[in-house]
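S.K.: There's a structure below that I have some questions on.
The values are calculated or read from the model by the stated rules, or taken from the named source; none is laboratory data. These numbers come from a predicted model, not from an experiment. Here the Cβ positions follow ideal geometry from the backbone for every residue, glycine too, while neighbour counts run over all protein chains shown.
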Amino acid sequence: MRISNVVCSFSVLVSMIVSSSSFAAGESPRSELAILPIQADLPKAKVEVLADAIAAALVDLLKTEVLGPAEVRELLSAAQLKVASTCDNVFCLTKLGKDLKVDWLLAAKATAASGKVLLSLKVVDVAGAQVAVRQQDAIGDDVLTYGADVRAVLGTLRAKLPTALQSSTPAPKPATAPAAKAEPDKSAPPKPEPAKVDAASKPAAPAPTSDKPGWIGMGHQDLDADTANYLGLKSAAGSIVKKVAEGGPAALAGLKVGVVILKVDGNSIASAAELSAALNKKKAGATVELVIWSGGKESTAVVTLKEAPAKADRK
């Protein structure tokens, strides 16, 4: 399987999804958890995709701010990065966490083993100078499934984390007893039943729209020739999905990272800019039909756009 820089074209880009802001060299952005560069014996391209998948999953699964591996590399000196590349004990991990000015640190190792990747994770409580959680799982050695596999592993890890790091979910509403049906007044004359309408003849109600811009809940980028060839496409026309917001319209329609969008409402898409332009014309409530390329074949996905959530509520 070809890897090199091909998979990087559609790996999750941490700079687009990790909560961050521009910062001067040596100045740590506000963050609570930092992800150290992965220690791995895998090809560099695979390590980059795996690191992006871990960062993306943590951003979605946790309610804390996350400092991704790429940002960590910018903040640490060459000497500190050398330590990070071999660090495997609480002492040096705690020291790195303090250097980065974060409360929690995640260290990851990835080792190739019999067609799988053994992923070992440690979450360190920097203030307490102790390993809060350890997790080790084998995932498939396929860059196209890294996102889903890593998310499953980190979903298990999340359940073991301190409450301060776990994603908050609204408590379910208590069930209410159904209201008692009132006994009909037999002395009153019966009310005429409404005329029945043939469902086939009844026009379908149009989808409710608003004057607010439509939001699809995904990030996408141009498709290069190498990636197109790798995915079995004849040309690089289209736009590849690089991030899908959890619970957003794209996710509800079944779109995933790595899917290529070829058409919008029957019109071919040549680039990410054309896709954005087509979507920007749509209002919240509008339905968009997408022709996508996934798993080596074309299929159709229908997405109903929503109003964009407040920035603080986006995942």
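S.K.: Exactly one of (1) modelled with pLDDT under 85; (2) over 17 Å from the mean Cα position of the chain (by Cα); (3) not in a loop (DSSP other than H, G, I, E, B) is unmet by E27. Its number?
M.R.: (3)
S.K.: Quick one: which of S15, S9, S22 is over 22 Å from S77 (Cβ atoms), hydroxyl-bearing (S, T, Y) and at pLDDT below 50?
M.R.: So the residue among S15, S9, S22 that is over 22 Å from S77 (Cβ atoms), hydroxyl-bearing (S, T, Y) and at pLDDT below 50 is S9.
S.K.: Among the listed residues L106, L119, L50, identify the single one that is within 28 Å of V257 (Cα to Cα), surrounded by 20 or more Cβ atoms within 10 Å (Cβ to Cβ) and touching an Asp or Glu at 6+ places or on another chain (Cβ under 7 Å).
M.R.: L119
S.K.: Residue by residue through the stretch 281-310, note down the ones that are over 21 Å from T227 (Cα atoms) and aliphatic (A, V, I, L, M).
M.R.: A284, A286, V288, A301, V302, V303, L305, A308, A310
S.K.: Of these, T64, T86, which one is among the β-branched types (V, I, T) and closer than 15 Å to V123 by Cα?
M.R.: Testing whether each residue is among the β-branched types (V, I, T) and closer than 15 Å to V123 by Cα leaves just T64.
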